[in-house]
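One structure below.
The values are calculated or read from the model by the stated rules, or taken from the named source; none is laboratory data. Treat the numbers as computed from the prediction; the structure is a model and nothing was measured. Here the Cβ positions follow ideal geometry from the backbone for every residue, glycine too, while neighbour counts run over all protein chains shown. When the accessible area is computed, the model is the full protein with side chains, heavy atoms only, and any ligands, DNA or RNA have been set aside. Shrake-Rupley method; radii C 1.70, N 1.55, O 1.52, S 1.80 Å.
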Amino acid sequence: MPFLNHFGLTARPFSLTPNSALYYPSESHQEALRSVGFALDRGEGIIKVTGEVGTGKTLLCRMLVAELVDKAAVAYVINPQNDSDWVIGAVCREFGLDPDRESDPFHALNVFLLERFRADGRAVLVVDEAQALGPVGLETVRRLSNLETDKSKLLQIVLFGQPELDRLLQGHGLRQLNQRIVFSFTIDPLTTQTTVDYIRYRLLRSSADEVRADKLFQAKALRAIARASKGIPRIINIIADKSLLAAYGRGADQVTPAHVREAVADSPAVMTSRPPGPAERWGRAALDTVAHWSGGARMKPEAGTATSQAGAGTTEAPAEAGHDPTIAEESQNWLYRCERSGLARSTIERRKQHVERHIVPSLGEAKLGRLTADDVRDFAGKIAATHSPAVARGALSSLKALIAAARRRGAVDRNVAREVNIAAPARPAKPVVVPPKNELRAMVAAASGCWRPLIIAAVLTGMRAAELRGLSWDDVDFDAGVIHVRRRADGRNGLGPPKPRAGVRDIPMAPMVTDTLRVWRSACPGGRLNLVFPDDRGGVRGLAAIERRGFGPLQKACRLVDGGGKPKYRFDALRHGAASLFIEQGWSARKLQTVLGQSSVAAIRREYGHLFPGPEADVAAMAEIEARLMG
């Protein structure tokens, strides 16, 4: 296709059709998936996820269904109707029942679910565009939620819908259904930086030339798309796709702000359908206030998202109209949500410490809605004056995350802590210790048993120890020759998403990695976690055990020891060795950032800058350029 060839692309990166292969794991989308999965695993009844048109709800639906099909019987209903018989019939057909042959389809469905329950099988109903159910369809959902035994729900229900769904549920006639929603989540639009990352991610996944793909859009063009789209993924895709077409039509190799302006001008219907941004919402609130004090009609604000949790332990109360929780109350809600969202145990414990030692003692009695940026600055200043910069930045980061979660629930309109920062102290450059190639070769040659595939994978992929320990066979794609990094094991052997967010990536496998892992798979200990490098019982192997039982003895066998006879390197030295091999291959800092999953190019430069060619190499290159020109 000429258009794709012109930009070095293998597929259209901004197709409007939901495509899980191009899924960008933004914080909001990942939190939604983890939270819904956690709620389903706990056997919760009704779960609700809402978001504006184009925020990626359908893609999340499909990913959730794909994840559930091996664990449960799933009924996936799309574009539902405001009709009770239609809803019951659609659910029956999704579960393989024929409602036309049943005198009472609802009873037949109940019998099916009971049989499924007795066979220790789960059943889940997922509804996309749930706002289309209307009052009658939603009342039918309530009836379906009544199907239960004395102790368990027979049918778990997940509703994905637009904000209109929330307004429907506020109706007096649906108050029983609203009270049964045990988990509620709102998908936020992407921030400016996340929009930039989203576009770059899709380009990299759709190109055979990562360096060229990373430069297809000028930085100003990316920011222009972020402003015009207001962070709505569907609008981002439309503008980005039309921007590429505009550049192609003019024979340009790079998208500029002018191409973006042309794309925006060509999409008037799309631009008028955007949700209001924060500034527009504040402007409307100001107009309401003026109207109120001038005697005019005052527009009533929408009620906050009602969220409640059923079950033991800490609970979130429904958001009452006009109720402004204290920071202490919101902290408990936030910690409960953190526990349900599948975060690493170490992360949850750290956040609990921030709340209990710093946030609640300083701000616990303050009302969330009355908190100001000056209050947050005072909080940050007091902690910075009495604690280390790392502790102060961590506590402030937790406060920001707490308020951001409250904003997603509709408890506050803006995050007043977002612009408050604590400057990080200048850190002297500390070059990492990199094993030379002859030592890497010696360790690869000497490694045996279960340690051989681990050492080879570490040396030739550059994965972190935590990522290797959490790697699942489901994420090793032998056909494509790629390892999908999607989770990590923390210091307590708990599994969670990679850190930083850039750690979610795909790494090409060298032939030696592919061949070694194929052989290892047949000998690998089994286990419910399906890990590539498990311990002897199939569980997560601790880093200390790896260094004590595997990597340490391997170094001693290769005589890589210090003066005291102790192993010369820690396990992370293998990642540094991989980085040095990639740099020697001529990879740019940007490509190294992508493959290693670092948070920024600056982080790559800080750790590995001493390994890149110095000025003398540039001088030699200029001499070659001169020679080619002058002959």
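Think of a 1.4 Å ball rolled over the protein heavy atoms: the stretch 3-42 then has 41 Å² of accessible area per residue.
Classify the stretch 30-155 as rounded, prolate or oblate from the Cα gyration tensor: take a ≥ b ≥ c as the square roots of its eigenvalues, call it rounded if a/c is under 1.5, otherwise prolate when a/b beats b/c and oblate if not. It comes out oblate by the Cα gyration axes. Over all other residues within a Cβ to Cβ distance under 14 Å of Pro105, the charged ones net out to -4, with Lys and Arg as +1 and Asp and Glu as -1.
Taking all protein chains into account, the per residue accessible area for the stretch 356-460 stands at 54 Å² (1.4 Å probe).
In the chain, what percentage of the DSSP-assigned beta bridges are antiparallel, given to the nearest 5? Taking every DSSP beta bridge within the chain, about 40 percent pair in antiparallel fashion.
Remark: the stretch 51-160 carries a charge dipole of roughly 340 debye about the Cα centre, counting +1 on each Lys and Arg Cβ and -1 on each Asp and Glu Cβ.
Tally Lys and Arg at +1 and Asp and Glu at -1 over the other residues with C-beta under 13 Å from the C-beta of Gly526: what net charge comes out?
Details: positive: Arg521, Arg528, Arg537; negative: Asp535, Asp536.
Summing Lys and Arg as +1 and Asp and Glu as -1 gives +1.
Ranked highest first by average number of other Cβ atoms within 10 Å, how do 456-466, 474-484 line up?
Numbers: 456-466: 23.7, 474-484: 14.5.
The most tightly packed comes first, giving 456-466, 474-484.
When only alpha carbons of the stretch 557-624 are considered, Rg and Dmax amount to 15.4, 48 Å. Here the sum of -39500 (n - 2.57) over DSSP H runs of 4 or more residues, divided by the residues of the chain, equals -15000 deg cm²/dmol at 222 nm, to the nearest 500.
Multiplying the residue separation of Gln81 and Met630 by 0.36 nm and removing their Cα-Cα distance gives an extension gain of 190.2 nm.
So how do Asp85, Asp104 rank on accessible area, 1.4 Å probe, biggest first, that is with the largest at the start? Numbers along the way, then the final one.
Numbers: Asp85 125, Asp104 75 Å².
Largest accessible area first, the residues go Asp85, Asp104.
Across the protein chains, with a 1.4 Å probe defining accessible surface, the residues Trp334, Trp86 rank Trp86, Trp334 from largest area downward. Per-residue extension of 0.36 nm, minus the Cα-Cα distance of Ala119 and Asp98, leaves a gain of 5.4 nm for this segment. Hey, which of these cross-link pairs are over 31 Å Cα-Cα: Lys352/Lys382; Lys352/Lys556; Lys352/Lys591; Lys71/Lys499? In this structure, Lys352/Lys556; Lys352/Lys591 lie more than 31 Å apart at Cα.
Here the stretch 427-575 is treated with +1 on each Lys and Arg Cβ and -1 on each Asp and Glu Cβ, and its dipole about the Cα centre works out to around 600 debye. Measuring nothing but how far apart in sequence close Cα pairs (under 8 Å, 6+ apart) lie, relative to its length, the chain scores a relative contact order of 11 percent. For the chain, carbon and sulfur atoms together expose 51% of the accessible surface, with a 1.4 angstrom probe and every protein chain in place. Here the chain is treated with +1 on each Lys and Arg Cβ and -1 on each Asp and Glu Cβ, and its dipole about the Cα centre works out to around 1820 debye. Ranked from largest, the principal axis spans of the Cα set of the stretch 481-631 equal 67, 39, 30 Å. Semi-axes of the equivalent ellipsoid of the chain are 44, 32, 28 Å, computed as sqrt(5λ) over the eigenvalues of the C-alpha gyration tensor in descending order.
When the square roots of the Cα gyration tensor eigenvalues are ordered a ≥ b ≥ c, the ratio a/c for the stretch 127-271 is 1.5 or more and a/b exceeds b/c, which makes its shape prolate. Counting Lys and Arg as +1 and Asp and Glu as -1, what is the net charge of the other residues whose Cβ lies under 14 Å from the Cβ of Ile383? Once all neighbours under 14 Å are counted, the net charge is +2.
What FRET efficiency would be calculated for the residue pair Glu329, Phe3, taking the C-beta separation as r and a Förster radius of 56 Å, to the nearest 0.05? It would help to have the intermediate numbers written out before the result.
On the way: r = 54 Å, r/R0 = 0.97.
That gives a FRET efficiency of 0.55.
Extension gain for Asp477-Asn146 works out to 114.9 nm (0.36 nm per residue, less the C-alpha to C-alpha distance). Taken over the Cα atoms of the stretch 381-533, the convex hull encloses 183 Å³ per residue.
Which order do Asp128, Asp535 take by accessible area at a 1.4 Å probe, largest first? Please list the in-between numbers first.
Values: Asp128 5, Asp535 30 Å².
Result, largest first: Asp535, Asp128.
Across the stretch 74-139, C-alpha contacts under 8 Å between residues 6 or more apart give a mean separation that, scaled by the residue count, equals a relative contact order of 55 percent.
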